[in-house]
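Peer 1: Below is the structure I would like to discuss, written out as structure tokens.
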Amino acid sequence: MTGSGRTTARSRVVRSSSEPDSDSLRERRPKFNRQRGRSKYGSTIPLFNNVNIKFVLAISFFAFFIILFLIRHLVNSVVEPRLPRAITPLPAPKIMDLPQFQGEHKESLYWGTYRPHLYLGIRARTPQSLMAGLMWIGVKDGRYHLRHVCRHEDDLSTYGWKKHNGRDYGHQVLHDHGIILTTEFLKSKGEDSGYGGEWAVRIDVQVDKSKWNEEFGKGAQLFFYLADEGGNVLDVSRENLNIHGDSLLASGSRTDIGDWELHLKSTDDLKLHYAGFHTPHFHNLSDLVEENLASQIRKHAQLQLSDSSDDSSNVLVFQVDSESVSVGKAAVGSLLGGIGYFYGQSKIALSRTLNFKEHVDHVSYWPAELYSAVPSRSFFPRGFLWDEGFHQLLIWRWDIRISLDIIGHWLDLMNIDGWIPREQILGTEALSRVPDEFVPQHPTNGNPPTMFLALSDIITGLKNNEFTAKDRSEISMFLESAFVRLEAWFQWFNTTQSGKQTSSYYWHGRDNKTMRELNPKSLSSGLDDYPRASHPSTDERHLDLRCWMLLAADCMHSIEKLLNKETRPGKDYGFTAKLLSDHELLNQQKRVKIKRRGKMIKENLGHSYRMHFDEVYGAYFDFGNHTEKVQLKWKEMETGQQYAPRQLVRDASERPVLRLVPHIGYVSLFPFMGRIIPSGSWILEKQLELISNNSLLWTDYGLRSLAKTSSMYMKRNTEHDPPYWRGPIWINMNYRILSALHHYSKENGPYQDKAKAIYTELRSNLIRNIVRNYQQTGFFWEQYDQIKGKGKGARPFTGWTSLVVLIMAEEYGTI
């Protein structure tokens, strides 16, 4: 698509419906006639005797406006409620307003493959964009199936970006029932280019005879479309729809890029059909195409578009005769190709509302944009806060400016309290794919602050002179602007998620009333169904959150030193980091006194235990109100009907007590991941034994998330929730454990060699299994089976699974 570069600025003065016109602003002067009245004696008496009429008029005029102001103020005080703090933006300069994100940088990223939920989707980084996309259709079981949005149900053999640099080039291959479609995105900037430059899509279709499906391939058709979110009219060129060489397909004009044209170049003879639509909705473009094709089949028994357009069409779809489509990908290309641009308003759940006449269960965040990588184009095509920190471990090494751009967009979503919604469901395209119960975000609940992982790495890069002078300057400017938001974020965690004990924290949001869950989930932790205390309470101490806070405090302290900022009362990040890294404090011995109705019934739980460390297990655990005597049982529900339905419900056969929660798994290894344990401590040896024990965490494919000895190992959490973080292998946690093993293998101490041997074998197992799965299936996976190593969950999942690239390169950073 090319722009003329001659953007015509059309200045229009538009009168708002709320503005009064000039005539209404002119106050009509009241007419006071100096009338005279007559007395009963017949003499004429002036009504305004000895009074200055101009003075009276001035007083009246002034009083009128005072009354008008009071009335308006009274009305506004009733009509305009104060916004809840949860949806009030932090009153700080926006990071994305920094000069480094403007000008050439902003324009260079204007166009991109920013619709990652589609097999191929292009848009600009603006709320009302000109968009483009690819669709194709095939026949299966006698029915037509349209491909557009990435879905598991499409059953593609493989798809993903083989190469992508995040800026101006991407190469993708898709395999669909023997059809191989290769797509390339290219972008350039010339002297005559419009804003953002020119972009092109190259599409190549081949056939894989070994996988050819005669039924599917015989009826395959290819579609390419343009859509203008701003409602601007798209003009179709009807002169020549039989293409060979270079032909103009469509044109239009926009205020951001000026006049533009879409050309099709082909070395083969192509026959095109088209259809134009006028619609304000863009999440259901597939439906418009399917309805048009269905109408044509009924009328003409042919699968082709109608060659007609609605009045003022803002969507144009072109049908190209093609027999094949397909895809292939690699980790870096798929991660970068999964970067998208989103715009909309999050829905924020409220337990109560203020200044609203009617009760509502949610309010809308302010309209905001997000530039973010997505974990999975098919299953999670939107931004997730804790995933993003892991994404940036790879992206900043590829393109530091794209990484800072993404981090800045996330930090600009922070509200006045320092809270960021953990899942970003922005715009109708995202909203249409998420069940209603998961849409509202809760301002009491956090999410692991993994952005500090990437920022810590970047700061280390600065210390090691890994950046150019220009990059160093822009990073410093970014950190200077971001500091107020990072500080607000840290303080939100440090105040709202703190526990009853000094240096303790707990994840909010667990359901303490549920009767359906075996163990109430902690979605805010990111580890979902990983077993915590059986009975949620404010007495909980979550080990992983404590270690995340250490990471955050240490990073904030590093930024302070880098920017030469003075330590302020109540915000001594160095002190907080020192406190949370205190190994003795982490192991501190505690006693529990349990009283029932005023009578002491137990003390010390039979043996001593520590704040998070259990000497018997040699492991670190959560703390809380817990019993192991919990299970799911089938129970007939009383409904008053003849046949009572049966449901799996939670049954606790023992009263819980305050204790350590004895489940060995990823959470147990967080102090190890955070490198809190001294290299000469016997506790380090115990951690290495836990990791390498086949009966606990070790497999030939990576470390399982929960030990086989756990009472929750591979247990369903509800009738409909299979185990998620209760056994399968996750790459983000394995990456962090490998990082710690690599660290201890370099540290002098009695366990250095053992750490190195475990590191070498675990690294080899992870790489071999991920590569084998990719070669067999064409996908990177959300998780991997701990028994056979087979990919499981969402696919393609090139969020944190792409960290395999850093594992191969042995790039682990400092934390």
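Peer 1: In segment 120-264, how does Rg compare with the Kirkwood Rh, expressed as the Rg/Rh ratio over alpha carbon atoms?
Peer 2: Rounded to two decimals, Rg over Rh is 0.99.
Peer 1: May I ask you to list the aspartates and glutamates whose Cα is less than 12 Å away from that of K790, ignoring any residue fewer than eight positions away on the same chain?
Peer 2: D700, E782
Peer 1: Still on this structure, please answer the following. Looking at segment 357-448, which chymotrypsin sites (Phe, Trp or Tyr not before Pro) are DSSP coil and have at most 16 other C-beta atoms within 10 Å of their C-beta?
Peer 2: Qualifying residues, ordered by number: none.
Peer 1: Keeping the other protein chains in place, figure out the carbon and sulfur percent of the accessible area of segment 121-267, with a 1.4 Å probe.
Peer 2: Exposed carbon and sulfur together represent 45 percent of the surface.
Peer 1: Looking at segment 697-776, which GluC sites (Glu not before Pro) are in a loop (DSSP not H, G, I, E or B) and have at most 12 other Cβ atoms within 10 Å?
Peer 2: Passing both the DSSP loop test and the Cβ count: E719.
Peer 1: For segment 120-264: lysine pairs with Cα atoms under 29 Å, gap of 8 or more or different chains, count?
Peer 2: 14
Peer 1: Just the number please: accessible area per residue for segment 120-264, 1.4 Å probe, all protein chains included, in Å².
Peer 2: Heavy-atom accessible area per residue stands at 43 Å².
Peer 1: For D176, what charge total do you get from the other residues with a beta carbon under 9 Å from its beta carbon, if Lys and Arg give +1 and Asp and Glu give -1?
Peer 2: -1
Peer 1: Express the carbon and sulfur contribution to the solvent-accessible surface of segment 656-802 as a percent, rounded to the nearest whole number, probe 1.4 angstrom.
Peer 2: 49
Peer 1: Compute the relative contact order of segment 120-264 as a whole-number percentage, counting only Cα pairs closer than 8 Å that sit 6 or more residues apart in sequence.
Peer 2: Relative contact order for segment 120-264 comes out at 22 percent.
Peer 1: Which entries in K629/K715; K521/K792; K106/K561 show an alpha-carbon gap greater than 18 Å?
Peer 2: K521/K792; K106/K561
Peer 1: What are the semi-axes of the equivalent ellipsoid for segment 661-705, taken as the square roots of 5 times the Cα gyration tensor eigenvalues, largest first, in whole Å?
Peer 2: 18, 12, 10
Peer 1: So with the 1.4 Å probe, I'd like the accessible area per residue for segment 667-715, rounded to whole Å².
Peer 2: 32
The values are calculated or read from the model by the stated rules, or taken from the named source; none is laboratory data. Please read all numbers here as calculations on a predicted model, not as lab measurements. When we count neighbours, we look across all protein chains shown, and the Cβ atoms used for this are built from the backbone with ideal geometry, even at glycine. Accessible surface is based on the protein model in full, side chains and every heavy atom, while ligands, DNA and RNA are left aside. Shrake-Rupley method; radii C 1.70, N 1.55, O 1.52, S 1.80 Å.
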